[in-house]
Amino acid sequence: MIQRCLLVIIPLVVAACGGAQPPAAGDALVRARQAWAGDWHAVWQIEWTGAPVRGPLVAEVWHAANGRQRVETLEAPTAGMNGLTLVDDGDSAWLYDLRMNRVEQGANDLVRIPLASDALDVVDWLMAEAEGATVNSARGDTLESGPVTRLTLTTGAGDRATLWIHDETGLPAGVQLRSGPWGEVRLVTRSISPITPLDPALFVFQARPGAEVVLVEGGQ
């Protein structure tokens with residue numbers, strides 16, 4: 001529900017009224033694309049209407065400018081999604097299940113965490129689509145991660161999205177999307193910050209003693 005002075009998209013998201021005018025939408029989008037491609041750390045809350053597992057899922061993400069990623073699930077709607085760690089070195093990926101002491105290893109487009117990996121793909125997609133999108137409105141809001149600029153977008157394909165851009169860092173801090181390819185998605189950051197440089201050890205996977213290792217190959 002959107003009122004003049006209140007926005008609620010999912011728990012822990014509160015909007016603010018008044019304050020300074022948001023920056024120009026075009027500048028905010030350019031800054032967001034540049035920041036998203038860099039080194040950053042965030043905690044995301046993810047909900048996905050219509051997905052086999054809707055959420056909410058809370059995941060901590062470390063993203064490096066050279067394409068490496070680390071994702072750890074902090075809160076999950078099912079026991080099987082608790083205690084997961086995904087390490088992606090830019091080519092290969094390892095998904096460790098702490099509860100089962102089990103590792104899936106394979107190409108980084110095959111080894112993924114449901115909802116969390118998809119959410120990162122959604123933001124990648126929206127950052128690409130935003131370049132040619134129509135900005136219908138812009139205003140200032142506040143999320144749990146801090147003051148943001150809220151942009152309401154319509155993509156060239158007619159998909160409608162709301163994108164919140166963190167004022168301090170320029171990083172995408174929230175997404176609400178209704179799209180044919182993606183369905184209905186709600187993402188919001190509990191915290192987000194640039195970190196340069198990221199510790200290289202974050203992207204080096206080491207299996208625990210006795211872990212079962214399963215190779216994931218294309219076509220399975």
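Observations, loosely collected:
- Residues that are more than 13 Å from the chain's Cα centre (by Cα), modelled with pLDDT of 95 or more and exposed (fewer than 14 other Cβ atoms within 10 Å of the Cβ) do occur in the range 29-38, at least one of them.
- Matching residues in the range 147-179 - criterion: being β-branched (Val, Ile, Thr) and over 13 Å from residue 127 (Cβ atoms): 148, 149, 152, 154, 162, 169
- When the range 132-175 is filtered for residues that are in contact with a Leu (Cβ under 7 Å, 6 or more places away or on another chain), acidic (Asp, Glu) and under 22 Å from residue 63 (Cα atoms), only 144 remains.
- Pairs, first surrounded by 16 or more Cβ atoms within 10 Å (Cβ to Cβ) in the range 121-137, second of a type in the set (Asp, Glu), C-beta under 8 Å, six or more apart: 129/159
- Pairs linking a residue in the range 33-52 that is farther than 21 Å from residue 183 by Cβ to a residue that is polar (S, T, N, Q) and assigned to a strand (DSSP E or B), with Cβ atoms under 9 Å and 6 or more positions apart or on different chains, are 40/193; 41/191; 41/193; 42/189; 42/191; 42/193; 43/189; 43/191.
- Condition check for residue 51: modelled with pLDDT of 95 or more and of a type in the set (Gly, Ala, Ser): no
- If you go through the range 139-162 and keep only what is buried (at least 20 other Cβ atoms within 10 Å of the Cβ) and either in contact (Cβ under 8 Å) with a residue 40 or more places away in the chain or β-branched (Val, Ile, Thr) (or both), you end up with 141, 143, 145, 148, 149, 150, 151, 162.
- Test: residue in the range 184-192 that is modelled with pLDDT of 95 or more, surrounded by fewer than 18 Cβ atoms within 10 Å (Cβ to Cβ), of a type in the set (Lys, Arg) and within 20 Å of residue 48 (Cα to Cα): yes
- Taken over the range 179-214, residues that are closer than 26 Å to residue 165 by Cα, of a type outside the set (Val, Ile, Thr) and part of a loop (DSSP other than H, G, I, E, B) amount to 6.
- Looking only at the range 197-212, and only at residues there that are touching a Phe, Trp or Tyr at 6+ places or on another chain (Cβ under 9 Å) and in contact (Cβ under 8 Å) with a residue 12 or more places away in the chain, the one that is nearest to residue 65 (Cα to Cα): 198
- Checked against the criteria, residue 93 does not count as free of Cβ contacts under 8 Å to residues at least 40 places away in the same chain, aliphatic (A, V, I, L, M) and in a loop (DSSP other than H, G, I, E, B).
The values are calculated or read from the model by the stated rules, or taken from the named source; none is laboratory data. Keep in mind it's a predicted model, so treat the numbers as computed, not measured. No Cβ is skipped: glycine too gets one built from the backbone with ideal geometry, and neighbour counts run over all protein chains shown.
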